[in-house]
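The values are calculated or read from the model by the stated rules, or taken from the named source; none is laboratory data. Here the structure is a predicted model, which means the values were calculated and not measured. Here Cβ is always computed from backbone atoms with ideal geometry, including for glycine, and neighbour counts include all displayed protein chains.
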Amino acid sequence: MTLELKDATKRVRGITHIKPTSLVMEPGHFNVLLGQTGSGKTSLIKLMAGLDPLADGEVWMDGQNVSRLSTQKRNISLVHQFFVNYPHMTVFDNIASPLRVAGMAKSEIQGRVEEAADILQLRPMLHRRPQELSGGQQQRCALARAIAKESRAVFLDEPLANLDYKLREELREQLPELFAGRGAVVVYATSEPEEALLLGGKTALMDDGVVTQFGTTAQIYRKPDNLTAARVFSDPPINAARITKSGGAAHMDTGASWTLSGAAAEMADGIYTLAIRPHHVTPVPAGTDYVKLDGTVLVTELSGSESSAHFQIGDDGWVSLAHGVHPYEVGEQHEFYMDASQAFYFAEDGRLVA
Amino acid sequence: MKTENQKAWFFVLPVLLLVAFNALVPIMTVVNYSVQETFGNNVFFWQGLDWFEQILRSDRFQAALGRQFLFTFLILIIEIPLGIIIALSMPKKGMWVPVCLVLMALPMLIPWNVVGAMWNIFTLPKIGLLGYFMNDVLGIAYDMTQNPFAAWVTIIVMDVWHWTSLVVLLSYAGLVSIPDAYYQAAKIDGASPWKVFRYIQLPKMKTVLTIAILLRFMDSFNIYTEPFVLTGGGPGNSTTLLSIDLVKIALGQFDLGPAAAMSLIYFAITLLVSWLFYTLMTKDDAQ
């Protein structure tokens, strides 16, 4: 089973929501759609699910063109950010509902529902109503429905967004094994880069209705194709600044300069955008080749074992994320050190150069 | 020694006074009348529960009560499903939403006695638009001033015209609050429109429907102005509902004792049936 988009496009009253998109998604691993709110993740899922009509292009499942097929006939499941269950049915009936509509035999329904309930630890709640369950249990009920159905494709649209932190972690750990070996294409939409990394598999970065990059999650994290992709795949936001390369050195507008090495040294002279993840900018140098930057501290945050500082450098706002507790005073001048070997360099059109 | 804070009384007292003057005192006056006989000049004679017995045993009261239940039953059985159907077929978004909402709200904005007068003129044979059309164009004998059946049809249609909007607006509010996600889930399962209604829309509308049914029950059970203006309880006594009969006894015949007893019985029935409705409709949630 594969799920394939061929120039799939969505337009509503002349406004393009999804620009022509081509992707091939496979089973066996998570296919993560990563993008900010409003980037088109849900729209793309609705196109694949057949909930919204295609303006152009095609959707293929298993080598079959399903573009004209109704949602029901595509044999898919969708789990929402909200806990969507039929309110006046028991958990058992909720999980069984798609099987009953499909006209399955009673004994088989019983078996499938119980299997799904066991996997999601819902066995004791089978005869309760959804509103009598906690948020996590309600969402597990929705997931159980998707599993019991054994559909060809499962779409998970930010399924953990409305759960509290602890439940989210717990369920996120379970998710990959839940769908392992079921042969369904699993598409998972999220706005958190961390989730994409934890779930592994492949990631499609989305921005403004376009898939900017698609590939193995770790690969994309290490080598974003373009500045937009780098921005989407970073939380806190990636730091960016304009640099000028001349000879073997890079100069920032604020005056800092350093010697380029590796692929960056091969770039033609000119103006580039440097981007570097916050955890490569620290208040103490961890190596001799670190570049010193002077910034004005704007906001500081302490979260567990990490301290972050937002600081102003030239016209740009940067973020530093470092292990340990570092004392910052808001408004003070502070030295920060950048591990220049971890920086990305993008050409003026946004394409990755080094 | 334990000291208790008595300050709360200061906050409760004003409300208590207000309730006393607008509810408790008037009701107690009625109770006072219902157990005594008076010939004016503030001279009262103790009657005990005689008036209650007299009212409950009277054919006149039983007939009016029967008519009242029939009227309310017909109103609920027509207005609730009709209201839901209209709400279901109203647009959920777009420029027609405000247009529909205003059109729906219009009948409810008209004063009750004006509604009665409007329908009176509308249905009068020879003069009224509907009366003329039915009798002289279609050739169907229709005269709500002479024919009890025609009178009943007219008061029912009038009430449906006046109050179905309330059910529509409440149901509509319930419907638009259902997230799209539920409809998508139904679409993915391949549920039929009937199943969508039965398992998504109806359960999600339940709370507002409970309110709609209660309001429509109470209003139709206590209805007075519109049928009074339209038919005056006639022809004969055929549309004399409880409230119309009550006013006849209290202000027409000036039998204050029986009228007071009847008021209390009337009130008790309204309360009892409302409670029954409410308990039955919310029973499910309590489990």
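Scanning segment B:44-59 for residues that are assigned to a helix (DSSP H, G or I) and either surrounded by 14 or more Cβ atoms within 10 Å (Cβ to Cβ) or acidic (D, E) (or both) turns up B:D50, B:W51, B:F52, B:E53, B:Q54, B:I55, B:L56, B:D59. Checking each residue in segment B:176-199 for being within 7 Å of another protein chain (Cβ to nearest Cβ), within 15 Å of A:F83 (Cα to Cα) and surrounded by 15 or more Cβ atoms within 10 Å (Cβ to Cβ) picks out B:A181, B:Y182, B:Q184, B:A185.
In segment A:74-92, which residue that is more than 7 Å from every other protein chain (Cβ to nearest Cβ) and of a type outside the set (F, W, Y) is farthest from A:K106 (Cα to Cα)? Here the answer is A:Q81.
Under the condition of being closer than 20 Å to B:D189 by Cα and more than 10 Å from chain B (Cβ to nearest Cβ), the residues counted in segment A:97-131 number 17. Scan segment B:85-112 residue by residue and report those that are touching a residue at least 24 places away in the same chain (Cβ under 8 Å) and over 23 Å from B:T225 (Cβ atoms). The answer is B:I86, B:A87, B:L88, B:M90, B:K92, B:L101. Of A:L47, A:L34, A:L23, A:L99, all but one fail to be of a type outside the set (S, T, N, Q) and either in contact with a Gly (Cβ under 9 Å, 6 or more places away or on another chain) or outside the structural domain of A:V185 (by TED's automatic domain parsing) (or both); the exception is A:L47. The single condition among (1) at pLDDT below 90; (2) within 30 Å of B:L65 (Cβ to Cβ); (3) part of a helix (DSSP H, G or I) that B:V196 does not meet is (2). Residues in segment B:227-241 that are assigned to a helix (DSSP H, G or I) and at pLDDT 85 or above: B:P227, B:F228, B:V229. Answer yes or no: is there a residue in segment A:63-75 that is within 22 Å of the chain's Cα centre (by Cα), in the same structural domain as A:I220 (by TED's automatic domain parsing) and not in a strand (DSSP E or B). No, the conditions are met nowhere in segment A:63-75.
The residue list A:I45, A:I95, A:I76, A:I18 contains one member that is under 20 Å from A:A196 (Cα atoms), of a type in the set (V, I, T) and touching a residue at least 12 places away in the same chain (Cβ under 8 Å), which is A:I45. Residue-level check: of (1) at pLDDT 85 or above; (2) touching a Phe, Trp or Tyr at 6+ places or on another chain (Cβ under 7 Å), B:G257 misses just (1). Among the residues making up segment B:243-263, a single one is of a type in the set (V, I, T) and closer than 22 Å to B:F45 by Cβ: B:I249. All of (1) surrounded by 17 or more Cβ atoms within 10 Å (Cβ to Cβ); (2) out of contact with any strand residue (DSSP E or B) (no Cβ under 9 Å at 6 or more places or on another chain); (3) assigned to a helix (DSSP H, G or I); (4) without any contact (Cβ under 8 Å) to a residue 24 or more places away in the chain hold for B:A259 with one exception: (4). Checking every residue in segment A:280-302 against the condition of being in contact (Cβ under 8 Å) with a residue 12 or more places away in the chain, under 24 Å from the mean Cα position of the chain (by Cα) and within 18 Å of A:I238 (Cα to Cα) gives at least one match.
Applying the set (1) surrounded by fewer than 18 Cβ atoms within 10 Å (Cβ to Cβ); (2) assigned to a helix (DSSP H, G or I); (3) over 20 Å from the mean Cα position of the chain (by Cα) to B:M134 leaves exactly one unmet item: (1). Annotation: of all residues in segment A:55-73 being charged (D, E, K, R) and free of Cβ contacts under 8 Å to residues at least 24 places away in the same chain, the one that is nearest to the other protein chains (Cβ to nearest Cβ) is A:K73. Counting only strands (runs of 3 or more DSSP E) that sit wholly inside segment A:205-309, those with at least 1 residues that are of a type in the set (F, W, Y) are A:210-216, A:257-259, A:270-276. Just one of the listed residues (A:K46, A:K19, A:K41) is closer than 14 Å to A:A153 by Cβ, of a type in the set (K, R) and under 22 Å from the mean Cα position of the chain (by Cα), namely A:K46. Listed by position, the helices (runs of 4 or more DSSP H) contained in segment A:99-195 that have at least 2 residues being surrounded by 23 or more Cβ atoms within 10 Å (Cβ to Cβ) and of a type in the set (D, E, K, R) are A:135-149. Selection of segment A:180-190 for residues being touching a helix residue (DSSP H, G or I) at 6+ places or on another chain (Cβ under 8 Å) and modelled with pLDDT of 85 or more yields A:V186, A:V187, A:Y188, A:A189, A:T190.
Tallying residues that are not in a helix (DSSP H, G or I) and not small (G, A, S) within segment B:137-151 yields 7.
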